[in-house]
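What follows is a single structure, written as structure tokens, with notes after it.
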């Protein structure tokens with residue numbers, strides 16, 4: 001997952017119009033697709049994250065692998081997440 005700081009930096013470099021998307025991707029060590037998504041407005045700063053409403057520990061899957069109650073996929077749930085967030089876990 002790309003953090004908000006990197007998305008903002010990509011946007012700043014795109015606004016300067018001095019570097020190509022390929023050069024920006026190489027400099028920031030992200031894919032060209034990511035730079036293109038920011039340029040097209042498809043990838044934006046996540047507001048809830050930017051305001052600090054979602055703790056970092058909720059977004060990082062670090063718990064032991066468990067089966068999803070909904071689909072049965074083996075998942076790693078983020079630690080410390082309230083039970084109503086568990087259904088939206090990232091599958092691996």
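The values are calculated or read from the model by the stated rules, or taken from the named source; none is laboratory data. Quantities reported herein were computed from a predicted structural model and do not represent experimental measurements. Here the Cβ is made from the backbone with ideal geometry for all residues, glycine too, and neighbour counts use every protein chain on show.
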In the stretch 1-43, residues that are assigned to a loop (DSSP other than H, G, I, E, B), modelled with pLDDT of 90 or more and on the phi < 0 side of the Ramachandran plot total 5
The residue that is farthest from the chain's Cα centre (by Cα), considering only those in the stretch 14-29 that are without any contact (Cβ under 8 Å) to a residue 12 or more places away in the chain and under 15 Å from residue 2 (Cα atoms), is 26
